[in-house]
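Read the structure below first, then the notes.
The values are calculated or read from the model by the stated rules, or taken from the named source; none is laboratory data. Please read these numbers as outputs of a predicted model, since none were measured by experiment. Positions of Cβ are generated from backbone atoms using ideal geometry, with glycine treated the same way; all protein chains shown enter the neighbour counts.
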Amino acid sequence: MSFLFIFVTDFLKKTMLRIIKYIFFSFSLTILLNSCKDSKEYRIDPAFTDYLQRFENEAANRGHNFNPHSTGLIIEFASLSNSTAGLTNYETPIRIEIDQTYWNDIAGSAGADMMKEELIFHELGHGLLGRSHLNTTLSNGDWKSIMCGGTKVGDRAWNINYRGVRRKYYVDELFDENTTAPEVASLTLAVDSTGFTQKSLLTFSGTGDTGNFLNKNSSQLGVSLENGRLMLQNKTSNPLFILTALSTPISINSDFSYELGFYYPTTNNATNQYGLIFGHINSSSSGLSDSIEYFSINNNQKMYMGNNEYYSYFTELTESSIVLGTMNKLKVQKIGTFLYYFINNSYCYMNEINASADINQVGFSVPELSTIYIDNFKVSQRTASAVNQQKINQNQFLDIRIQQVNKSFQHILKNK
Ligand SMILES: [Zn+2]
């Protein structure tokens with residue numbers, strides 16, 4: 001009996017010990033596993049450290065004190081699906097993923113630094129400022145915030161003109177949603193259009209008023225004069241850039257204006273863009289490696305502006321001043337360091353000019369497999385006095401170059 005008692009007691013003791021050991025082991029394991037997932041982990045891929053530092057500086061300038069080094073933050077490359085450029089995971093710590101392909105794709109373009117900053121600031125807006133998407137617009141159609149993203153609005157591209165004077169506004173708005181709209185967002189700007197003198201003009205009133213365009217009939221381009229307008233038929237499956245040299249380049253330091261009327265019949269693809277192009281083209285180059293500014297519209301009443309060295313257009317705007325089934329006059333006016341865009345004499349938009357060399361070529365783009373009509377090709381320059389006026393001479397339009405372009409400089413921007 002006493003033997004049995006001793007045996008049972010011993011058995012219970014051993015079992016209890018096993019249970020205690022097991023509990024202790026499990027507890028230790030839990031501690032070990034938890035310590036692997038450091039809630040204050042700080043791991044930033046070197047590609048992003050500069051942009052994070054800029055964010056911290058901008059925050060500090062506005063009285064915010066973030067110290068992700070001690071509170072934890074992860075920004076890493078990932079392979080994101082569904083056309084996503086960046087993704088913020090609300091974990092502890094916040095974990096931001098940036099699509100490696102997108103990051104590499106934009107790297108080689110002009111303006112890549114601002115595009116990268118805008119993407120990282122957007123994600124940090126989610127992760128550190130707790131902001132969600134905001135897809136409203138300013139009065140000129142610009143996105144109101146760099147927090148635009150998520151569910152598309154009217155299928156509008158996410159392109160945001162995060163450059164120049166707009167950058168300060170967008171950073172202010174990121175930290176304070178109640179920031180006043182910038183002056184550039186106004187549609188009632190007083191644009192001083194006085195003092196511009198005609199420098200070159202073609203009205204296509206007769207064969208002697210067509211520059212050298214009629215001689216450019218070729219297998220890729222049909223050219224003819226029709227009812228006082230020049231008809232151009234692009235027979236290729238790529239857009240054409242048609243540029244003509246100015247006999248005297250326009251100094252980049254001067255104010256100038258370039259305008260042209262376009263009629264693009266609605267039987268064409270409504271998403272095809274057509275419009276003004278201009279820039280400094282080196283005579284030895286094939287053309288497209290040079291910096292070319294563009295201002296284009298389509299028959300969906302959209303307007304685009306940009307430079308072919310950039311990854312994509314600066315932004316996409318809806319413009320009711322575009323009238324279908326008739327001529328639309330596009331005009332761009334360079335005043336100081338800004339370009340002012342007009343459609344049918346209505347002021348639409350302004351932004352910094354990208355070109356830094358004298359403008360020696362102006363022209364227009366013709367969409368692929370399309371016929372377009374142009375009229376009133378006019379270049380003007382602001383002159384200090386009448387003495388500087390140049391005689392209008394159609395011989396100024398002798399040197400014409402025609403270039404097939406692909407649309408790779410107008411990429412679709414990924415969501416964020
Ligand atoms: Zn977002």
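Table: residues versus (1) over 24 Å from K235 (Cα atoms); (2) within 17 Å of the chain's Cα centre (by Cα); (3) surrounded by 19 or more Cβ atoms within 10 Å (Cβ to Cβ).
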{"site": "F295", "(1), (2), (3)": "no, yes, yes"}
{"site": "N308", "(1), (2), (3)": "no, yes, yes"}
{"site": "T315", "(1), (2), (3)": "yes, yes, yes"}
{"site": "G325", "(1), (2), (3)": "no, no, no"}
{"site": "G363", "(1), (2), (3)": "no, no, yes"}
* Looking at the stretch 292-314, is at least one residue more than 30 Å from G154 (Cβ to Cβ) and among the hydroxyl-bearing types (S, T, Y)? -> no
* To do: Confirm whether L246 is touching a helix residue (DSSP H, G or I) at 6+ places or on another chain (Cβ under 7 Å), in the same structural domain as D375 (by TED's automatic domain parsing) and either touching a residue at least 40 places away in the same chain (Cβ under 8 Å) or not hydrophobic (A, V, I, L, M, F, W, C) (or both).
  => yes
* Asked: Quick one: D155 ticks every box in (1) more than 12 Å from the ligand (Cβ to nearest atom); (2) touching a residue at least 12 places away in the same chain (Cβ under 8 Å); (3) more than 12 Å from the chain's Cα centre (by Cα); (4) not assigned by TED's automatic domain parsing to the domain that holds E41 bar one, so which box is it?
  -> (2)
* Condition check for Y341: buried (at least 19 other Cβ atoms within 10 Å of the Cβ), touching a residue at least 40 places away in the same chain (Cβ under 8 Å) and assigned to a loop (DSSP other than H, G, I, E, B) -> no
* **Among (1) surrounded by 13 or more Cβ atoms within 10 Å (Cβ to Cβ); (2) closer than 29 Å to G336 by Cα; (3) modelled with pLDDT of 90 or more - the single one T180 does not satisfy** => (1)
* Structure fact -> Subset of the stretch 72-117, residues crowded, with 19+ Cβ neighbours inside 10 Å, over 17 Å from T49 (Cβ atoms) and charged (D, E, K, R), comes to D99
* Structure fact -> Inside the stretch 355-368, the number of residues satisfying the requirement of being within 18 Å of K331 (Cβ to Cβ) and polar (S, T, N, Q) is 2
* What helices (runs of 4 or more DSSP H) lie completely within the stretch 68-128 and have 3 or more residues being within 12 Å of the ligand (Cβ to nearest atom) and either of a type in the set (A, V, I, L, M) or touching a helix residue (DSSP H, G or I) at 6+ places or on another chain (Cβ under 7 Å) (or both)? -> 112-127
